[in-house]
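Note sheet for the following structure.
Taken together, the values in this text are just the output of simple stated rules run on the coordinates, not laboratory data. Please read these numbers as outputs of a predicted model, since none were measured by experiment. Glycine also receives a Cβ, built like all others from the backbone with ideal geometry; neighbour counts cover every protein chain displayed.
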Amino acid sequence: EAQVTQNPRYLITVTGKKLTVTCSQNMNHEYMSWYRQDPGLGLRQIYYSMNVEVTDKGDVPEGYKVSRKEKRNFPLILESPSPNQTSLYFCASSLLPGGTYEQYFGPGTRLTVT
Amino acid sequence: AQSVTQPDIHITVSEGASLELRCNYSYGATPYLFWYVQSPGQGLQLLLKYFSGDTLVQGIKGFEAEFKRSQSSFNLRKPSVHWSDAAEYFCAVGPANTNAGKSTFGDGTTLTVKP
């Protein structure tokens, strides 16, 4: 089944404790992206990747890191999480770079930082 | 910079009534436009998309949307709403340049369906 998977689905952590949220797609998509969803703010793009080893900042990259060493994986790293990073996070992938194709979304990761 | 505005935060309609969700965008060229739906506790699913050509596009679940360049709008419509349509709806714009990777989403419209 074609899908985007994220792990973990739920995570409660403490301020400053490094964490990684994994994202994997099995559709051989070139493009991958991370978003955070907050009430009243819609989805805001954190980082995106046009292809392996090519990443770029979205609208809200502060406090996050990403890497794209393999085509299928695009982990989101929070080196020192803070409470304002409490949010619902979505990973997405798309067949081609840019916005010309629809994005396929993972189920989301709900992160709470205390 | 590109932007998307969904003026209605929350809409309530009766089951069987018609629906229109508004979306306005700001972009320098013809954008690629999308509507996504998010059911409670789920990820986002594509309803429909517009790239070029016919300005009235059909999507899944009986939804359609009309691109109006003069009004910078891409409103979503459905002639008869079902209770299962209750969800949050997002309009999104992607860059026309395939070398750019930024996507911009609206803040979303929550649809409640009354029995």
key: Coil-residue trypsin sites (Lys or Arg not before Pro) of region B:44-88, DSSP, other Cβ within 10 Å capped at 15   = none
GNM flexibility winner over chain A from A:Gly58, A:Gly42, A:Gly16 (Cα, springs under 10 Å) = A:Gly42
ask   = How would you rank B:Ser72, B:Ser18, going from fewest to most other Cβ atoms within 10 Å of each one's own Cβ?
value = B:Ser18, B:Ser72
remark   = Summed over the other residues with a beta carbon less than 14 angstrom from that of B:Val37, with K and R at +1 and D and E at -1, the charge totals 0
Computed log₁₀ I(q)/I(0) - Debye formula, equal Cα scatterers, no solvent, the protein assembly as shown, q 0.09, 0.13 Å⁻¹ = -0.36, -0.75
task = Return the Cα extents of region B:1-41 along principal axes one, two and three, sorted largest first, each rounded to a whole Å.
result = 38, 24, 16
note = Rounded to whole angstroms and listed largest first, the alpha-carbon spread of region B:9-112 along its three principal axes comes to 41, 28, 22
inquiry  = Residue by residue through region B:74-84, what is 3J(HN,Hα) from phi via Karplus (6.51 cos²θ - 1.76 cosθ + 1.60, θ = phi - 60°)? Round to whole Hz and write x for glycine and proline.
reply    = 8, 7, 9, 9, 8, x, 8, 7, 10, 4, 6
message = At a threshold of 8 angstrom on Cα-Cα distance, excluding pairs fewer than six apart, so keeping six or more, what relative contact order does chain B reach in percent?
response = 37 percent
key: Listed residue (B:Phe67, B:Pro40, B:Ser18) projecting farthest to the positive dipole end of chain B, Cβ model   = B:Phe67
ask   = Using a Gaussian network for chain A with springs between C-alpha atoms less than 10 Å apart, which of these wobbles most: A:Ile77, A:Ile46, A:Ile12?
value = A:Ile12
request  = Return P(r) of chain A (all Cα-Cα pairs; 5 Å bins starting at 0; whole %; ordered from short to long distances).
outcome  = 2, 13, 24, 27, 19, 10, 4, 1
key: For the protein assembly as shown, size of Cβ-based charge dipole, Lys and Arg +1, Asp and Glu -1, in debye   = 400 debye
request  = Between the alpha-carbon centers of region B:57-92 and region A:35-114, tell me the distance in whole angstrom.
outcome  = 26 Å
message = If I model a spin label at A:Lys18 and A:Glu70 as a point 7 Å from the Cα along the Cα→Cβ vector, what separation in nanometres do I get?
response = 2.0 nm
query = How high is the relative contact order of chain A, in percent, with contacts defined as C-alpha pairs under 8 Å that are six or more residues apart?
reply = 36 percent
ask   = What ³J(HN,Hα) values, in whole Hz, does the Karplus curve 6.51 cos²θ - 1.76 cosθ + 1.60 give for region A:77-84 when θ = phi - 60°, with x put for Gly and Pro?
value = 10, 10, 5, 9, x, 10, x, 6
task = Please state the charge dipole magnitude for region B:1-82, taken about the Cα centre, from unit charges on C-beta atoms (+1 on K and R, -1 on D and E), reported in debye and rounded to the nearest 20.
result = 120 debye
key: Under 19 Å from A:Lys57, Cα to Cα: lysines that are on another chain or at least 8 residues apart   = A:Lys65, A:Lys69, A:Lys71, B:Lys102
key: Ranked A:Ser67, B:Ser26, criterion: other C-beta atoms within 10 Å, fewest first   = B:Ser26, A:Ser67
task = For region B:27-86, just run the numbers: alpha carbon Rg, then divide by 2.2 N^0.38 Å, N being how many residues it has.
result = 1.20
remark   = Rounded to the nearest 5, the percent of DSSP beta bridges in the protein assembly as shown running antiparallel is 90 percent
task = Sort B:Phe67, B:Phe74 so that the residue with the fewest other Cβ atoms within 10 Å of its own Cβ comes first and the one with the most comes last.
result = B:Phe67, B:Phe74
message = With θ taken as phi - 60° and the coefficients 6.51, -1.76 and 1.60, list the Karplus ³J(HN,Hα) couplings across region B:47-61 in order, rounded to whole Hz; mark glycine and proline as x.
response = 8, 6, 8, 10, 10, 5, x, 3, 7, 9, 10, 9, x, 7, 6
